[in-house]
Structures are given as structure tokens and as C-alpha cells.
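I have placed the structure first, in the form of C-alpha cells, so that the comments after it can refer back to it.
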Amino acid sequence: MCFRWNSPLAQVLVGVICFCCPGMFNALNSMGGGGQVDSKVGQNANVALYTCFAIFGLLAGVIHNKPGPKWTILIGCATYILYAGSLLCYNHTKNSAFTIATGGILGCSAGMLWTAQGAILMAYPRENDKGKFIGYFWAIFNAGAVLGSVIAKNLDNPTYIAFIFHHGHRYLDRSFFGPSFLPYPLRR
């Protein structure tokens with residue numbers, strides 16, 4: 001049997017995306033300021049992130065309706081790379097403004113990613129399968145934070161590069177999928 005991209009199992013793919021982007025972000029963020037000596041910068045970046053996330057969480061549904069889930073997820077994943085890179089940059093330059101700005105940018109795109117994720121989780125499975133596939137998603141997503149915590153055991157430049165790699169790996173996977181990735185219209 002061939003795998004269909006419009007299958008409810010596409011939610012497993014969304015779980016893998018969230019494994020490498022928000023899941024790794026959770027691990028990076030749980031280190032306190034992204035593992036920085038001065039956690040004030042990380043705290044300010046989180047204020048910017050969650051302020052923009054609250055605003056774009058309300059607006060992202062309108063944005064999602066135009067390009068569809070593929071592009072909304074792609075845009076949502078892009079800035080996780082930027083945020084991890086800004087923490088690495090802060091280690092070398094102490095440029096807090098860049099880290100705080102990328103926190104705000106991440107908040108905007110995270111609103112789009114989570115809107116697309118919610119739309120896929122609620123639209124693709126049949127009514128009697130929703131709980132099962134939502135459970136699959138959350139198990140895979142939270143495994144990203146577990147793996148990220150293992151990666152973050154030693155905080156140094158290669159650790160940040162590993163986070164950037166994991167964020168970037170999922171982003172590149174999503175950008176090279178053809179138009180069949182999470183397509184409209186949904187057929188049951």
C-alpha cells in the first residue's frame with residue numbers, strides 16, 4: 001500500500017517537523033537564556049517571542065488560508081534556525097538586540113506553524129481517529145525536547161551548531177517537497 005500525503009498519517013510528518021523545530025526550541029529554551037551566562041537576554045527574547053506569538057496566533061488563520069499548510073509550515077519552520085543562530089551569535093558578539101529581534105520574528109512565524117499544525121490535526125483524520133493521531137503528534141513532538149536535552153548536555157559552539165542543523169534539516173526537507181505535500185483538497 002502506497003503512502004498518501006493526504007492521509008491522516010501525514011500528522012506523523014507534522015510531528016517530525018515539530019520534533020525538530022519547536023521540540024528542539026523547547027530544549028534550547030529550557031537551558032535558561034538559551035544556555036547563556038546572562039539569562040536576561042534570553043528572557044527579553046522570550047518576551048518578544050510570546051508577545052508576537054499572541055498577536056500572530058490570532059492573525060495566522062487568515063494567513064494560512066491563502067498559501068495553504070505547506071507554505072505556512074515552511075515559513076513557520078524558517079525562523080527557528082535564525083533563533084538558534086542568534087544565540088550562537090550572542091556567544092561571540094554579545095549583540096543582545098539581534099537575539100531579541102529574532103525572538104520576535106520567531107514569535108510571528110511560530111504562530112503560523114502552530115496554526116497550520118492545528119488545522120492539519122483537526123482536518124485530516126476521521127472523527128473517531130483524531131485522539132489517536134493527536135497522541136502520535138504530541139509523543140513525537142515531545143521526543144524532540146528529550147533529544148534536545150541530550151544534545152545540550154555540553155553547552156559550547158558545537159551544541160548550538162547541532163541545534164541549527166536539526167532545525168535546518170527539517171526546513172530543507174519541507175522546502176523540497178513537491179506540491180503534493182499536505183495538499184488541498186482533502187479526500188476521505
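The values are calculated or read from the model by the stated rules, or taken from the named source; none is laboratory data. Because the structure is a prediction, the values reported are computed rather than measured. Virtual Cβ from ideal backbone geometry, glycine too; neighbours counted across all protein chains shown. Note: accessible area is taken over every heavy atom of the protein model, side chains too, but ligands, DNA and RNA are not part of it. Shrake-Rupley method; radii C 1.70, N 1.55, O 1.52, S 1.80 Å.
Within the range 88-108, does at least one residue satisfy the condition of being charged (D, E, K, R) and either closer than 30 Å to D38 by Cα or open to solvent by 30 Å² or more (accessible area, probe 1.4 Å) (or both)?
Within the range 88-108, one or more residues are charged (D, E, K, R) and either closer than 30 Å to D38 by Cα or open to solvent by 30 Å² or more (accessible area, probe 1.4 Å) (or both).
Considering only residues in the range 7-34 that are of a type in the set (S, T, N, Q), more than 19 Å from A101 (Cβ to Cβ) and open to solvent by 20 Å² or more (accessible area, probe 1.4 Å), the one that is modelled with the lowest pLDDT turns out to be S30.
Just the residues that are charged (D, E, K, R) and surrounded by 14 or more Cβ atoms within 10 Å (Cβ to Cβ), please, taken from the range 35-73. Within the range 35-73, just K70 meets the criteria. Is the range 62-70 home to any residue that is farther than 27 Å from I140 by Cβ and more than 17 Å from the chain's Cα centre (by Cα)? Within the range 62-70, one or more residues are farther than 27 Å from I140 by Cβ and more than 17 Å from the chain's Cα centre (by Cα).
Within the set of pairs 6 or more residues apart or between chains, which connect a residue that is within 18 Å of V16 (Cα to Cα) and modelled with pLDDT under 85 inside the range 125-136 to a residue that is surrounded by 12 or more Cβ atoms within 10 Å (Cβ to Cβ) and among the hydroxyl-bearing types (S, T, Y) with Cβ atoms less than 8 Å apart? Short answer, once both residue conditions are applied: F133/Y124.
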